Every structure is written in structure tokens, then in C-alpha cells.
Amino acid sequence: MTEIVVIARLVPDLVEELEIATSGTALDLAWLRLIINEFDNHAIEQAIILKERSGATVTIISPEAEGVEDMLFTTAAKGADKLIKLTGVGEEKPTNLSMAQTLAEIIKEINPDLVLTGVQAHDDFTGDLAPQLADLLDMPYVGYISGISLGDGKATAYKEYPGGILAEMEIALPAVLGIQSSEEPPRYVAISKVRQMMNTASIEDRDAGVLETDSGVVIDRMYLPEVADRAEMLEGDEEEVASKLIAILQDLGLL
Amino acid sequence: MAVNGIQQSLPFTAQFKESLLKIPEGENIQACLQCACCSGVCPFGFAMDFPPGRMIAWMRAGILDEMLKSDSVWMCVSCYACTEVCPKDIPITLALMTRAKEEALLAGNVPAELQSALEFSQQYGNPLGESSRKRAAWSEELDFEIPIIRKAKRPVDILWFVGDYASYHPRSKNVTIAFATLLNKLGIDFGILGPDEFSDGDSQRLAGERGLFEMLAEKNAKVISRCEFTEIITTDPHAYNAFKNEYPQLGFDFPVRHYTEFLVEHLDEITPLFKENGKAKVAYHDPCYLGRVNKIYDAPRQLIEAIPGLELIEMAHNKSTSLCCGGGGGGMWLDGFRWEKSESRLSEWRVKEAVAVNADILAVACPYEPPRFEDAAKAITGAEKLQVKDVVELIVDAIGN
Amino acid sequence: MTQDIFLLIEHIQGQVSDISYIMAAAARELAQNEGDSVIGILFGSGAEGLKDSLAVDKVIYCDHPTLSEFTSDAYKRTLISLLEDYSPRAILFGNTTLGADVSSSLAAHLKFPIINSCLKISDSGGIISQICGGKIMVDSQLADKTTLITVNPGGYKPEEGQSSSSPETITFSPPDLENLKVQLTQYIEPEAGDVDISQEKILIAIGRGIQTEDNIELADELAELLGGAVCASRPVIDQGWLSTSRLVGRSGKKVKPDLYLCLGISGATEHIEAITDSKTIIAVNSDPDAPIFDIAQYGIEVDLFDFIDPLLEQIENAKND
Ligand SMILES: Cc1cc2nc3c(=O)[nH]c(=O)nc-3n(C[C@H](O)[C@H](O)[C@H](O)COP(=O)(O)OP(=O)(O)OC[C@H]3O[C@@H](n4cnc5c(N)ncnc54)[C@H](O)[C@@H]3O)c2cc1C
Ligand code: SF4
Ligand code: SF4
């Protein structure tokens, strides 16, 4: 049976206003509300689609965070088979490399054919998790994937290249793939099904061990960009305004 | 009446029927005459593969599985028009249509717009996907402060349950501000839950997400049971319906009234405040969950009639025959879907009725309606001058500053 | 470790991507001292000529049939081999669907630190990154060993990284590229069918202000000139002037283009909640109080019918320059 592992992370919810901690070099956790990384949600959906299509065991691994149990039970209601929570992650965000090292150890035990996760997470500053994981697992990596079919010892996947061009890729298994979008949008599961899972499914806790928070890169400062509360109005007659608009488009590299 | 999903092992139709029979008065379904009054009166009956009467017929024939494959149930706006006319008192909206939506949802047949509203309700406690921390942000525009009960740590007379659209929608917020202004003027002792308030969940329930409704109800009940107050008042008929008819079944019993009932009681204090007011013809639209479902037809009309200069007129459909604005039963989150299926919008139909009776103002008493009708008025010829106002806005306008 | 700044040149189907020029501009800022070189890394097959327009001091060129188009495994292997010979201060990668496929993986392999999403280089040579969808800025400094950096577009203009003097080439022989685990089997050109507005980079959005079906032509023309697609608010869709797949909003699609240029849209909440992830919103509306101006970065208060013709004309001129 095909084994698929999905890494699912919670990230700061951008609907909420973000605040900077008094240290000035990190996000203020008290203000953070977390939400599943959208790309990871697509990775989960893609795994379930593969399972429905040709059979697979799907294991979801998530670093602990507020709300992670609910998120894991939701994946079970969608069809995930095994749920693993990484405990002892701590408050400070570890580097992705050290997170990848911890995850790689657990993934090796499962010995999967395919590891899926979101291609990026918007709060990643210390590299992207998926390609780091691939290197540590000595597996090939391809990101920006929007569709996978599994064959004998290989996967055929569709990757976005610049300019909206899609490329068909052949990847030897086992492999790590960074998902941009699942073949179908992530499904909805009724809360009653999630609540049922809360009573029947179980989450295995795994200790994260020691996680490194220093990547060697010195963060001087984190801050909020200045945003105007109203549009900057372009003044002048139609001709003048048109040329101002063109200058803006050129500045933005759109012309 | 939490009826869970159908177990796969038994034929769907039999299971579905059994679940209906467990709902109070559900056994009336067996007495259906197939008179088709329900399907005829249904505002979207023409666009449904399975209007209620046909659903019952196919259920009798044991072939209702077909319905799950159709997205017909998502046309139902939960307006109770069918329930109102059924000669056999069959709980069509409450039981048949709502259960059918629950089944469609469990089967994963959910239009994308609705899905995001349901996900938002889970994540943020409101279907608009707005930050729950900003639930009381509308009150920043006032020149007085409204106590947030948990922070004020004191009993209040009135716990004002504000509701989702009334808290967040830019148009509905004006109604909320008008009501706050009036309460303040009347010297009423009131408070709100602010960021602790969750969606009442009623529209999610009517859109088939019973589990989500229960979860939201539990959260609200937990917060409210920690507050000391005399009664709950709300401007939102859906919240009113939830507190009055649905929460008690889950064991959460709180006294509640709609704001129109509450203000009628205070008319003696309000009347002296009225100033000279222009003249206008006002057609009042009965919201389904105030009128047909909870039989409050007179209070809003009494308020309108008390306002100087306003003449109350009736549209072709009024009181128990009122036409749904289209926002019920998840309609606020199915606008695109329903337009695609039917190329019609109930709000536009209603605005045409207001134009037909030469109304200057279309008055409403539900936060879903001002945005919907104002929107519709832009698309209807002859409605260019039609104003859409909530009853409380009419009162506050007539009082002036 | 030398003080040289490297960058991985991106190209596809014989065309150097804009991000390569943007990186060249950033690398120049990062190479602070006289004598520090900016060096492009170019992989390809008979592609040495691609270096010509880049404002870099030197190019290390590696030629191999397998390197003609980007694939992560071949690129990673070649980079690892190359970095046995070189030890630069920093290596820049595009934070693109290509650069991000190798940068982090290489960093993990060589245990080099990596900084994501660099937008600009500060005057003091620090890295200014933009994370959390642009809602958070981070100022950081290179680590004390070779540091990899992924670069977002937007901080520099491609012209700033272009030059007409051809850089010197250093050739590098490829490592063993047999038994690769990732192969590109074919490019699939986007289908001719209807566009997916949620994926478009440039959107021209029209609202009730467009008035008649015939006027949609104006928006089409504008979209064609800018290389984007036309989408709309609900009244336009209701009229049947565009298909529902072009509806933006609560009842339609959520969009996230680089440019959302809206013509005659008032900015109702059901519409704007679906456009807030756009990088730049520019609104054209004759009503100075239209709520759309509250969320747009740039506003133009004019009658759109007086404005479109001069705009089309000037864009055409700008493109011909
Ligand atoms: C439940 C529900 C769901 C909805 N879902 C959506 C949705 O998904 N998407 C959506 O778009 N809407 C949706 N709506 C409708 C929404 O509320 C607005 O009515 C709609 O977005 C308005 O479109 P508009 O801005 O084009 O039109 P209007 O609001 O009429 O604005 C037209 C604008 O054009 C300007 N204008 C007119 N002439 C000119 C000119 N010559 N030059 C320059 N400017 C001019 C005017 O000043 C005005 O600001 C929904 C509504 C409801 C109730
Ligand atoms: S109105 Fe009542 S009795 Fe008549 S068809 Fe409908 S459900 Fe049956
Ligand atoms: S509740 Fe209203 S919309 Fe639903 S079936 Fe009955 S009449 Fe039709």
C-alpha cells in the first residue's frame, strides 16, 4: 500500500492584525491567531484525492500549536489515517532546517513513498521546509505542484514554471513534493463528522527533541510596513493622469 | 433534535424518512396530499429539480437518492412560505428541507460560496471572515461608550445580541449605530458581548450545518450564562429565532425579544422626541424569521405608523404571504450559485413590488436586508429614488439630533 | 570565503527571466567594496549568449544537454559541485517557482544559512525582507558564512540589472548528471479556454460604471496591451456581458494579481473582500467618495470614458519606446 506523509503547519492568520513583540525581532505571540497554512491544506486534499483514487495510508504530522488538535481531527474526518503531533516545540519559532531534521527522523520510520507539504508558508524566513526535508531524506524535490498521478516507482506531477507555463515532470519515488494547489479545492467536512473524530480518532504525540532557533542570520528588526489609509490620488487632466499612471506601472515592473 | 448523518449500510431513502419522523410533527409527512401548494408558493420552486412536494413523492417511491446528486436543495431560502400554506401542517422547512440540506452537506455537495462562509464561521465565529476581535469596532463611531459586559463586570438590564451582519457589514452597521443611539437617548441600561459574541448560527443551521450551529450555540451560551441581565434584545430576526426556538432545545434558555417588540413598549417615551418629518410612503417588508416564523407582524408596523409624516402602505405580498429577500437559509452565501441556476434574485422581485405601490421607502427590520435591497434597487428601473431603511433608522431620522 | 556575490541566472525557453536582472541589481548593492565581484551562474545547453544583457562582472557557465531547461535535481547537483570550487559571500536565487526549488534544498545540504523573501538591500548592506504576505518586514544581516538569499520581485526594476557590455565567461565542467531523479517531460502551454482570473497577474476589473456591453471592448483592449485579463463586479455579470467565471467577489472568485486596475467599481464589501490580496490596486472612479478609494493604493477621479483613450494611446507609445 502506498504510504503518504503530509506535513501540516499552522501559521499566523493574516486576517488579524499582526503585532511585533517587545524584543522587536519577533511576532507577538499573544496577538497571533493561527490558521492552517493554505498550501498545506491543499497538500492534505491532494493526499486524500490520491488515497481515494488508488488507495494509500495517509499520515499527517503537525508541530504543536494552539488549535492543532482540531486541525488534525478535521484531516481525519476528511480521510487521513494517522495523526501525529510534534510536542515540545516551544514558543520561539525554530529554524526550518532544525524542524526538518526532527521531521525527517519520524518520516524515516514511516518509510513513505511520498511526502507532501505546502510549497511555502508565508511566515517562513529561514528557508522553505519542503526542499530542506527532501535533502535530509535524500529524496528528490519538486515544488509548485498542482496535480499528481502515481505510477510504478515514479510520480508524474505538474509543476508551474514562470510565465504561467505548466511542465509535466517525472519524479522517482520516494519523493517530497511541494504543493501549490490540489486537483480539487479542499473539501468541506461537516462539524458533526469532526466531532465524531474527536471521540474516536487518536493523536500520537512525538517529542520534537531539541530544536534550534538560531540560523546564524542576525535579525536586527521586525516591523510593520507603512500603509496609507486611503489611495494616493493622481491629480491633473486626463493626459497628465494617464502618464502618471504609466509611470507607476513602469515602476511596478508591469510595463 | 440532533439528527445525525445517515448510515451508509441502509438505503438512503428509508433512513432519511425515519429521521424525519423523529422530528416533532414529522409524522405529518405521511399525510401529504400531493396538492403541490408548497411547490407552487415556493419562490424558487421553478428552479428546483426537487421542490418539497416532489421530494415527498420520490421519498414515497423509495428513490430519493437521486436528490443527493442534484443541487436542488441549495435553492431553498428557508422562507417558510411552503410551511405556511401546507394544509397538512407538515414541517416542510424545519424538517424536510433542512434535513435534505444536512444530507447534501454530509455527502460533500456544498457550493463553494457556502463552504467559505461555513469555514469562516468555524474559524472566526462569523460567516464574513472578519476578525472576531473587531466585532465591536462599529461602536467606535459613537460619541458614547457601550459597555462590554464581561469587562464592565456589572449586571445590565438589556443584553444586546448584535449579530454578524449588524456588527460587520458596512451598510447594516448604520442600523446598529442607529439602534445604539436610540437606546442611549432613551436612557436604557444595556451592554454587548463584543469580541465574546459568536454568530448565532441559525443561518448555518438552515444551510444544513447542524453541528456548526450547535458548536456556536454552546459558545454563546457559555458566554451569556456568565452575564447578569434581564433580557436579550436583538435587531437580527435570525438571532431572535435561534434564541427563541432553537437554543432552548439544546438546554440554553434565555429570555429574548426582537427590538421592534421592545421599542413598541417604549413608544410613549419615543413619541415626544419626534420632530417635524418630511412626508413619505413606506412599504414594510416582513422578514421571514420575524413574520411568518415568529408571527411578529404588528410591532414594526406600529412603530412606522407612530412616526410623523410616514404613511404605511402594503405591497402585494405582505405579512404571512411576505416574499423572502433571498438571504435566508444560507442565501447570503449562495448569491452567485442561485443567480446561475435561476437568473433571478428575490430581492429584485421585492423591490419591484415596492415600486409597484409607489413606495418612497422600503422599510425592513433585519440586518440582511438593507444591503440586499439597496443593491437590488440599483438594478431595477423605477427604483432609482427608492430608499431602503430599517425601521430603527426611520425612528432615529425622525428624532434628529 | 571571498566577498563575491553570486546569483543563479534563471531562464526558460531561451529567455532570461526578469528576476535574473532584479537579482543582478540587488547583488550590486550587496557587493559593498571595490573589487567585490558580482558573478552570475548560468546553466544551459548552448546558452552562453544569455549572459550578454546582464549587469554582472563575470559569468560561470556550465554547459550540458540536461541543463538546457531547469530541473531541480540537475541544478542542485551542479551547484553542489560548483560550490566545492567557490566560496562566495552570498548566493542569490529568485524566490520563484524555479529558484525556490533548489535554494533551500542546497542550503540544507551544505548547512548554509538562508534568508527568504529579500525585497531590497539596505544602505548598510543589510537584507530587507517581506514576509507574511507583505504584512511584516524583517531587517537582517548575512551570517558569518556563505549565506543564501531568495529574492522577491518588486524591490528593483529589471532595467537596473541590465547592461550592454558582455561579461567575461569562466567555464565550469558539469558533474555526473546520469540517473537524475527529476525529469521534465514536456511543457504544456496554457489551454486556450477561459482564463482563470484567480491566477492572473494583471486584472482589468470593470463595474457598473462601464455602462454598456459595447464599452467592454475598451477594457479588452487595455487588458491586451498590459497582458492581463478582464474581470468584473456583479452588475456586469448579471447583465450577461461576461461569463460568471469572471466574477470577482464573495459570490465569485478571490483574486491575488500584481495589479488590480478597476474601472467604475464602487467598492462594495462583497466585492473588495476578494481583492485584498492584490499587490497593487488602482481605482478609476468619477465619484471622489467611492469606498474603493479607501483600499486602493492609487486613485484616479475621472470619467473613465474621457480617460481610457489617452491611457491606451500612452501605453502604446510607452511600449514602442
Ligand atoms: C449576498 C451578496 C453577494 C454579493 N456578491 C458579490 C460578488 O461576489 N461580487 C460583486 O462584485 N458584488 C457582489 N454583490 C453586490 C455588491 O453588493 C455590489 O452591489 C456590487 O459589487 C456593485 O458593483 P459596482 O461597484 O460595479 O456597481 P456600483 O456600486 O453601482 O458602482 C458603480 C461605480 O461606477 C462609478 N462610475 C459610474 N460611471 C462612471 C464613469 N463614467 N467613470 C468612472 N466611474 C463611474 C460610480 O461612481 C460608482 O462608484 C453581492 C451582494 C450581495 C447582497
Ligand atoms: S403543501 Fe403539504 S400536503 Fe401539499 S404537497 Fe406540499 S407537503 Fe404535501
Ligand atoms: S422554505 Fe421557502 S424556499 Fe424553501 S422550499 Fe419552502 S417555500 Fe421554497
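The values are calculated or read from the model by the stated rules, or taken from the named source; none is laboratory data. Fair warning: this is a prediction, and the values are worked out from it, not measured in the lab. Heads up, the Cβs are rebuilt from the backbone with ideal geometry, glycines too, and the neighbour counts pull from every protein chain shown.
A few notes on this one:
- Of all the residues in region B:267-301, those that are under 28 Å from B:G327 (Cβ atoms), outside any helix (DSSP H, G or I) and more than 16 Å from ligand 2 (Cβ to nearest atom) number 17.
Residue-wise test of (1) modelled with pLDDT of 95 or more; (2) touching a His at 6+ places or on another chain (Cβ under 7 Å); (3) surrounded by fewer than 21 Cβ atoms within 10 Å (Cβ to Cβ); (4) over 30 Å from B:S116 (Cα atoms).
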site: A:P112; (1), (2), (3), (4): yes, no, no, yes
site: A:V115; (1), (2), (3), (4): yes, no, no, no
site: A:G118; (1), (2), (3), (4): yes, yes, no, no
site: A:A134; (1), (2), (3), (4): yes, no, no, yes
site: A:M139; (1), (2), (3), (4): yes, no, no, yes
site: A:Y144; (1), (2), (3), (4): yes, no, no, no
site: A:L150; (1), (2), (3), (4): yes, no, yes, yes
site: A:L177; (1), (2), (3), (4): yes, no, no, no
site: A:R206; (1), (2), (3), (4): yes, no, yes, yes
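- Condition check for B:G336: under 28 Å from B:D71 (Cβ atoms), near ligand 1 (Cβ under 9 Å from one of its atoms), under 21 Å from the mean Cα position of the chain (by Cα) and in a helix (DSSP H, G or I): yes
- Check on C:S173, modelled with pLDDT under 95, away from chain A (no Cβ under 14 Å) and closer than 30 Å to C:R89 by Cβ: no
- Residue match in region A:64-84 (condition: closer than 17 Å to C:I115 by Cα and either within 14 Å of chain C (Cβ to nearest Cβ) or not in a strand (DSSP E or B) (or both)): no
- Exactly one residue among B:F229, B:F213 is more than 20 Å from the chain's Cα centre (by Cα) and crowded, with 18+ Cβ neighbours inside 10 Å, and that residue is B:F229.
- Segments classed as helices (runs of 4 or more DSSP H), wholly inside region B:50-156, with at least 3 members that are touching a residue at least 12 places away in the same chain (Cβ under 8 Å) and out of contact with any strand residue (DSSP E or B) (no Cβ under 7 Å at 6 or more places or on another chain): B:52-60, B:65-69, B:81-85, B:98-106, B:112-124
- Residue count for region B:212-271 under the criterion of being of a type in the set (V, I, T) and touching an Asp or Glu at 6+ places or on another chain (Cβ under 7 Å): the result is 3.
- In region B:358-401, the residues that are small (G, A, S) and part of a strand (DSSP E or B): B:A363
- The requirement of being polar (S, T, N, Q) and within 22 Å of A:Y161 (Cβ to Cβ) is fulfilled nowhere in region C:82-91; no residue meets it.
- If the condition is being away from ligand 2 (no atom under 16 Å from the Cβ) and in contact with an Asp or Glu (Cβ under 7 Å, 6 or more places away or on another chain), then region B:70-107 contributes B:S70, B:L105.
- Matching option when the condition is more than 20 Å from the chain's Cα centre (by Cα) and among the basic types (K, R), among B:K185, B:K244: B:K185
- For region B:32-42, the criterion of being in a helix (DSSP H, G or I), more than 16 Å from ligand 2 (Cβ to nearest atom) and more than 14 Å from chain A (Cβ to nearest Cβ) is satisfied by no residue at all.
- Subset of region A:174-204 that is among the aliphatic types (A, V, I, L, M) and over 21 Å from the mean Cα position of the chain (by Cα) - its residue that is nearest to the other protein chains (Cβ to nearest Cβ): A:I191
- Count of region A:85-126 residues, restricted to those that are in a loop (DSSP other than H, G, I, E, B) and in contact with a Gly (Cβ under 7 Å, 6 or more places away or on another chain), is 2.
- Taking the criterion of being more than 29 Å from B:S344 (Cβ to Cβ) and either within 16 Å of ligand 3 (Cβ to nearest atom) or in contact (Cβ under 8 Å) with a residue 24 or more places away in the chain (or both), the residues of region C:212-246 that qualify are C:L218, C:E221, C:L222, C:L225, C:L226, C:G227, C:G228.
- Hey, C:E48 touching a residue at least 40 places away in the same chain (Cβ under 8 Å), surrounded by fewer than 24 Cβ atoms within 10 Å (Cβ to Cβ) and at the interface with chain A (Cβ under 9 Å from one of its Cβ atoms) or not: no
- For beta carbons closer than 8 Å, sequence separation of 6+ or different chains, a first residue in region C:279-304 that is at the interface with chain A (Cβ under 7 Å from one of its Cβ atoms) and closer than 28 Å to C:L119 by Cα and a second that is part of a strand (DSSP E or B) and of a type in the set (D, E), the qualifying pairs are C:Q297/A:E232; C:Y298/A:E232; C:G299/A:E232.
- Residues located in region C:124-137, provided they are facing another protein chain (nearest Cβ under 7 Å), of a type in the set (V, I, T) and in contact (Cβ under 8 Å) with a residue 12 or more places away in the chain: C:I131
- Filtered by the rule that a residue be farther than 21 Å from C:L142 by Cα and among the polar types (S, T, N, Q), region C:75-95 gives C:T78, C:S81.
- Some residue of region A:216-238 being over 18 Å from C:A296 (Cβ atoms), out of contact with any Cys (no Cβ under 7 Å at 6 or more places or on another chain) and within 14 Å of chain B (Cβ to nearest Cβ): no
- Inter-residue pairs, beta-carbon under 6 Å, first more than 14 Å from chain C (Cβ to nearest Cβ) and in region B:305-324, second assigned to a helix (DSSP H, G or I) and within 16 Å of ligand 1 (Cβ to nearest atom), 6+ apart: B:L323/B:R350; B:C324/B:L346
- Residues that are more than 10 Å from ligand 1 (Cβ to nearest atom) and either surrounded by 24 or more Cβ atoms within 10 Å (Cβ to Cβ) or in a helix (DSSP H, G or I) (or both) within region B:323-333 comprise B:C324, B:G328, B:G329, B:G330, listed in sequence order.
- Identity of the residue in region B:84-128, among the charged types (D, E, K, R) and more than 18 Å from B:V293 (Cβ to Cβ), that ends up nearest to the other protein chains (Cβ to nearest Cβ): B:E113
- Among the residues of region C:138-153, the ones that are closer than 27 Å to C:T276 by Cβ and facing chain A (nearest Cβ under 7 Å) come to 3 in all.
- Candidate set from region B:81-93 (those that are near ligand 3 (Cβ under 9 Å from one of its atoms) and surrounded by fewer than 24 Cβ atoms within 10 Å (Cβ to Cβ)); member that is nearest to B:I29 (Cα to Cα): B:T83
- Some residue of region B:343-356 being farther than 24 Å from B:P170 by Cβ and either within 16 Å of ligand 2 (Cβ to nearest atom) or of a type in the set (D, E) (or both): yes
- If you go through region B:69-80 and keep only what is crowded, with 20+ Cβ neighbours inside 10 Å and either away from every other protein chain (no Cβ under 14 Å) or near ligand 3 (Cβ under 8 Å from one of its atoms) (or both), you end up with B:S72, B:V73, B:M75, B:C76, B:V77, B:S78, B:C79, B:Y80.
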